[in-house]
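What follows is a short report on a single structure.
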Amino acid sequence: MLRLRHHHLLCLLTYVGKGYSSAFVANLDQIAARASAGESILLVEGPDDVCAPLTEGRPNGASDPHCLRRSVRKRDTQAARALSDLLGQPLPVGSVMKLTADAARRLRAAFAAGTVRAACADCQWHDLCSAVAKDGFSGARLARN
């Protein structure tokens, strides 16, 4: 089962193979493939499977990867609210879901329209994600089904 924080569901929609490092990209490629194959997703609080290359092997307090920052937790809260509203069901931490073809279509349409992007404000990937959405999600690694 994939372990994802709420805002990473939004990130998956526009992920085109770019990231913080080659290890991060390889990891996110696997996550996108697993989500595309229909693997269940457990919504978690804090670092998740996407964050693993940034947090693994770091003793507590040894560094401050951005995934531990308050601003990223705020992003999760905003994404959880937007996703719950769009999908018409509460999605608290601990929820299990699948990113079905219908859900992915609805999320992408809302993402392109800007209605689920409050969590994306001030993100360094904002412009890239906007360009991917504007281009019809061409090149996105999450299967369109």
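The values are calculated or read from the model by the stated rules, or taken from the named source; none is laboratory data. Quick caveat: nothing in here was measured; it's all calculated off a predicted structure. Here the Cβ is made from the backbone with ideal geometry for all residues, glycine too, and neighbour counts use every protein chain on show.
Residue count for the stretch 106-128 satisfying the condition of being without any contact (Cβ under 8 Å) to a residue 40 or more places away in the chain and either in a helix (DSSP H, G or I) or more than 15 Å from the chain's Cα centre (by Cα) (or both): 9.
Here the stretch 113-137 is the region considered, the condition is being small (Gly, Ala, Ser) and surrounded by fewer than 19 Cβ atoms within 10 Å (Cβ to Cβ), and the residue that is farthest from LYS74 (Cα to Cα) is GLY136.
The residues on offer are ARG75, ARG58, ARG70, and the sole one that is at pLDDT 70 or above, out of contact with any strand residue (DSSP E or B) (no Cβ under 7 Å at 6 or more places or on another chain) and either among the hydroxyl-bearing types (Ser, Thr, Tyr) or more than 19 Å from LEU12 (Cα to Cα) (or both) is ARG70.
Residues in the stretch 83-104 that are in contact with a Lys or Arg (Cβ under 8 Å, 6 or more places away or on another chain) and either crowded, with 17+ Cβ neighbours inside 10 Å or free of Cβ contacts under 8 Å to residues at least 24 places away in the same chain (or both): 3 in all.
Table: residues versus (1) surrounded by fewer than 22 Cβ atoms within 10 Å (Cβ to Cβ); (2) modelled with pLDDT under 95; (3) in contact with a strand residue (DSSP E or B) (Cβ under 9 Å, 6 or more places away or on another chain); (4) closer than 17 Å to LYS98 by Cβ.
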{"residue": "MET1", "(1), (2), (3), (4)": "yes, no, yes, yes"}
{"residue": "TYR20", "(1), (2), (3), (4)": "yes, yes, no, no"}
{"residue": "ASP29", "(1), (2), (3), (4)": "yes, no, no, no"}
{"residue": "LEU42", "(1), (2), (3), (4)": "yes, no, yes, yes"}
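Is it the case that some residue within the stretch 135-145 is at pLDDT below 90, under 22 Å from ALA26 (Cα atoms) and part of a helix (DSSP H, G or I)? No, the conditions are met nowhere in the stretch 135-145. Within the stretch 94-110, not a single residue is out of contact with any Leu (no Cβ under 6 Å at 6 or more places or on another chain), modelled with pLDDT of 95 or more and of a type in the set (Ser, Thr, Tyr).
Out of everything in the stretch 1-30 that is among the aliphatic types (A, V, I, L, M) and in contact (Cβ under 8 Å) with a residue 60 or more places away in the chain, what residue ends up being farthest from SER130 (Cα to Cα)? Spell out how you get there, then give the answer.
First, the residues of the stretch 1-30 that are among the aliphatic types (A, V, I, L, M): 1-2, 4, 9-10, 12-13, 16, 23, 25-26, 28.
From the residues that got through so far, the ones that are in contact (Cβ under 8 Å) with a residue 60 or more places away in the chain too are 1, 9-10, 12-13, 16, 28.
Working: MET1: 29, LEU9: 15, LEU10: 12, LEU12: 13, LEU13: 11, VAL16: 12, LEU28: 19 Å.
The residue in question is MET1.
The set of residues in the stretch 78-105 being more than 20 Å from GLY136 (Cα to Cα), in a helix (DSSP H, G or I) and of a type outside the set (A, V, I, L, M, F, W, C) consists of GLN78, ARG81, SER84, ASP85.
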